[in-house]
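Participant: Quick one: structure below, then a few questions.
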Amino acid sequence: MAAEPISAVDQFSKAAQGYLKNVFDFLGLPVDPELIRSMQAAPDAAKLAALHARYVEEHAALLRAVPANAGTPPGLQGDRVDRRFSSPEWRADPWFDYLQRIYLINSEFVADCVDALDVDVHAKRRLRFMTRQFADATSPANFVATNPEALKLALDTKGESLARGIRQLIEDVHRGRISTTDESQFEVGRNIAATEGAVVYQNELMQLIQYKPLTETVFKRPLVMIPPCINKFYILDLQPENSLVRFALQQGHSVFMVSWRNVTEDQAHLTWDDYVEMGVLKALEVVRAVSGAEKVNALGFCVGGTLLGVALAVAAARGDSGVVSATFLASMLDFSDTGEIGLFIDEPSVALREATIGGGGIVPGRDLALVFSALRANDLVWPYVVNNYLKGKSPGAFDLLYWNADSTGLPGPMYCWYVRNTYLENNLREPARTSVLGTPVDLGKVAVPAYVLATREDHIVPWRTAYQTTHLIGGETRFVLGASGHVAGVVNPASRNKRSFWAGGGLLGSADDWLAGAAENPGSWWTDWSDWLGRFGGGRVKARARLGSAKFKPGEPAPGSYVRHRSA
């Protein structure tokens, strides 16, 4: 009996499964059996036929137009030029012009085929991510032989550019990461994290820094900053002109900063409870003691905001009302939509982590940094591969990228609790669904006024998810949406008067309802936040000349020693 013919749809399904396996292998990830099984569902045959017909026609049209295309702008995606192919070299030669155009056609076709698959939304989002990663990695711009800019430079320099690139590649292999900035231009404590102050308390998890006032009078109630524990604190204290710490000091706030430790094996046992108690709650306690204020203002950024929200819920349950206002910068308390970070967090992966490091161990900061870079590979990975290795050029000096490369490890038990209770199970949004320090967490009991900032292009904390904080906590909230992304949207100095922010929408409906009613304001959200925070300062008093107190004496100068420990 003759074998039944295989339909075009079946052929596509098998080819798609094989392609997916290649993508997973390329990225060093195990193939998800559930995802493979979900792809057994055939794509819409009519849609696939239309895609194939369009694909063939685009190929044919491109071949017919090769001579005419030379000299016209390459890399067209709608009305936008792909910056990978924006240099004149890509359009000066018909071969390279054809190469980049056919790459874009192929990439678009693969993405459209994924969209045509009849799979659930989560599986489709994972497939989109993986195929985009593979497409980005296989761009002709990423290889010497198919990059006319690199080839021309090699000819012009008689091969010296390639020799420099090889040397830089070897150096980065030893470093364990791709160089994205000229690190020789920065030094912690000299031109970044250089705001004057002193460490007034430390334990095995954090150092608490008190900064020297910059005004003759200060608000009675100090400001305590809780930065993300997966990065160094100085994202909030870069250079003087873009330091949020310095800005707050100039407005008359007494500023304290938590500097998380870059953990070693000695801290590999620490838990999420430890970060809440020894980190956030202890910092708030010490700041009240040092300042003599009954109440303080608190700010949390990213994971620091999640820690702050949980700590405030625990404090509220204990009857501790020592915080008068809270600021949440690009933070999540509701994890219903975590963007692409959450695509590969599932029960098997979390269970594996718990089995290996849940009882003790370390998640290296380098691994975490790699994940975040992969989310924006065309911004944070491949441009530096091309610049550093193919062209032999050194990266420029950029303080944000210096900070981005200065990663911090996390204790395994802490990391496992965090991933399970937030990304996987989203337990914080439901009252008493999880407990911290033996206390059921109910964010609705956090009744302090809150300033909630999200950023519109944030790929780590989607702004609509950050908006949900306004519906979780029990106090009056002000929601503000800044322009740009997770870091650049937060570090947007008022003095530069760049970008814009949206504010003033109603908070009863959805995030999109809020945006429809919000007004766009030019400049930085910093000034808006400063006006809001001043309402909770408790009036002004003369600034104290000395840091610390009789019990908490100032020790080593800011920025302290914990922040100087870099991962190997």
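Participant: When the Karplus curve 6.51 cos²θ - 1.76 cosθ + 1.60 is applied with θ = phi - 60°, which whole-Hz ³J(HN,Hα) does each residue of region 297-305 get, with x for Gly and Pro?
Facilitator: So the Karplus estimates, Gly and Pro as x, are 9, 10, 9, x, 10, 6, 4, x, x Hz.
Participant: Continuing with this model, one more query. Sorted by average packing, counted as other Cβ atoms within 10 angstrom per residue and highest first, what order do 198-210, 538-550 take? Mind showing how you got there, number by number?
Facilitator: Values: 198-210: 21.8, 538-550: 13.2.
Ranking the peptides 198-210, 538-550 by packing returns 198-210, 538-550.
Participant: Nearest 10 degrees is fine. How inclined is helix 8-26 to the longest principal axis of the chain, computing both from alpha carbons?
Facilitator: 50 degrees
Participant: Quick one: Debye curve from the alpha-carbon atoms of the chain only, equal weights, vacuum; give me log10 I(q)/I(0) at q = 0.09, 0.10 Å⁻¹ to two decimals.
Facilitator: Results for the chain at q = 0.09, 0.10 Å⁻¹ read -0.77, -0.94.
Participant: Semi-axes of the equivalent ellipsoid of region 199-285: what are they in whole Å, largest first, if each equals the square root of 5 times a C-alpha gyration tensor eigenvalue? Could the numbers behind the result be given before it?
Facilitator: Working: eigenvalues 133, 41, 17 Å².
The equivalent ellipsoid of region 199-285 has semi-axes of 26, 14, 9 Å.
Participant: Do the alpha carbons of any pairs in Lys232/Lys295; Lys212/Lys498; Lys220/Lys445; Lys220/Lys295; Lys295/Lys553 sit beyond 19 Å of each other, and which pairs? Intermediate results must be reported in sequence, preceding the final value.
Facilitator: Working: Lys232/Lys295 26 Å; Lys212/Lys498 28 Å; Lys220/Lys445 25 Å; Lys220/Lys295 9 Å; Lys295/Lys553 21 Å.
Correct reply: Lys232/Lys295; Lys212/Lys498; Lys220/Lys445; Lys295/Lys553.
Participant: Strictly greater than 13 Å: what percent of every Cα pair in region 106-149 meets that? Before the final figure, lay out each step's value.
Facilitator: Details: 545 of 946 pairs.
Roughly 58 percent, rounded to a whole number.
Participant: If you don't mind, there's one more thing I want to ask. Taking all protein chains in place and a 1.4 Å probe, what share, in percent, of the accessible surface of region 177-245 do carbon and sulfur account for?
Facilitator: Working: 960 of 2240 Å².
Using a 1.4 Å probe with all protein chains present, region 177-245 comes out at 43 percent carbon and sulfur.
Participant: Given 0.36 nm per residue, what is the gain on full extension from Thr217 to Leu63 after removing their alpha carbon distance, in nm? Please report the intermediate quantities before stating the final value.
Facilitator: Numbers: separation 154, 0.36 × 154 = 55.44 nm, distance 7.22 nm.
Gain on extension, Thr217 to Leu63, equals 48.2 nm.
Participant: Rounded to the nearest 500, what is the chain's calculated 222 nm mean residue ellipticity when only DSSP H runs of at least 4 contribute -39500 (n - 2.57) each, over all residues?
Facilitator: Working: 21 runs with 221 residues, N = 568.
Calculated at 222 nm, the ellipticity per residue is -11500 deg cm²/dmol.
Participant: Considering the convex hull of the alpha carbon atoms of region 416-568, report its projected area averaged over all viewing directions, in nm², one decimal. Could the numbers behind the result be given before it?
Facilitator: Details: hull surface 54.7 nm².
That works out to 13.7 nm².
Participant: For region 238-281 and region 305-358, write down the distance between their C-alpha centroids in whole Å.
Facilitator: Taking the Cα centre of region 305-358 as reference, the centre of region 238-281 is 17 Å away.
Participant: Which whole-number percent gives the relative contact order of the chain, counting Cα pairs below 8 Å spaced six or more residues apart? Let's see the in-between values first.
Facilitator: Working: 1071 pairs, mean separation 98.2, N = 568.
Relative contact order, the chain: 17 percent.
Participant: Sticking with this one: Which value, in debye to the nearest 20, describes the size of the charge dipole of the chain about its Cα centre when Lys and Arg Cβ atoms bear +1, Asp and Glu Cβ atoms bear -1, and nothing else is charged? Let's see the in-between values first.
Facilitator: On the way: 57 positive and 62 negative charges, 364 e Å.
The calculated dipole for the chain is roughly 1740 debye.
Participant: Another one. With +1 on each Lys and Arg Cβ and -1 on each Asp and Glu Cβ, and nothing else charged, work out how big the dipole of region 144-247 is about its Cα centre, in Debye to the nearest 20.
Facilitator: Details: 12 positive and 13 negative charges, 39 e Å.
For region 144-247, the charge dipole is close to 180 debye.
Participant: Kindly report the accessible area of region 226-357 per residue (heavy atoms of protein chains, probe 1.4 Å, no ligands, DNA or RNA), in Å².
Facilitator: Value returned for region 226-357: 28 Å² of accessible area per residue.
Participant: Compute the Rg/Rh shape ratio of region 85-243: radius of gyration over Kirkwood radius, all on alpha-carbon atoms. Write out the running numbers ahead of the final one.
Facilitator: Numbers: Rg = 24.6 Å, Rh = 21.4 Å.
Rounded to two decimals, Rg/Rh equals 1.15.
Participant: Another question about this same structure. Which order do peptides 343-349, 186-192 fall in by mean Cβ count within 10 Å, highest first?
Facilitator: Details: 343-349: 14.1, 186-192: 16.0.
The peptides rank, most packed first, as 186-192, 343-349.
Participant: How far is the Cα center of region 154-233 from the Cα center of region 449-466, in Å?
Facilitator: 24 Å
Participant: Could you tell me which residue out of Leu169, Gln185, Gln202 lies farthest along the dipole of region 166-235 toward its positive end? Charges go on the beta carbon: Lys and Arg +1, Asp and Glu -1, centred on the Cα centre.
Facilitator: Result: Gln202, furthest along the dipole toward the positive end.
Participant: Another question, if that's okay. Which chymotrypsin sites (Phe, Trp or Tyr not before Pro) from region 118-161 combine a DSSP loop assignment with at most 16 other Cβ atoms within 10 Å? Mind dumping the intermediate values first?
Facilitator: Values: sites: Phe129, Phe134, Phe143; in loops: Phe143.
Of the chymotrypsin sites (Phe, Trp or Tyr not before Pro), the ones in loops of region 118-161 whose Cβ has at most 16 other Cβ atoms within 10 Å are Phe143.
Participant: Under Stokes-Einstein, with the Kirkwood radius over Cα pairs standing in for Rh, what whole-number D in µm²/s applies to region 341-431 at 37 °C and 0.692 mPa s? Present the calculation step by step, with values, prior to reporting the outcome.
Facilitator: On the way: Rh = 15.3 Å.
For the chosen part, D equals 215 µm²/s.
Participant: Would you mind pulling out the separation of the Cα centroids of region 397-437 and region 488-511, in Å?
Facilitator: 24 Å
The values are calculated or read from the model by the stated rules, or taken from the named source; none is laboratory data. Just so it is clear, the structure is predicted and the values come from calculations on it, not from any experiment. Counting neighbours? That spans all protein chains shown, and the Cβs are built from the backbone with ideal geometry, glycine included. Side chains included, ligands, DNA and RNA excluded: accessible areas come from the protein's heavy atoms. Shrake-Rupley method; radii C 1.70, N 1.55, O 1.52, S 1.80 Å.
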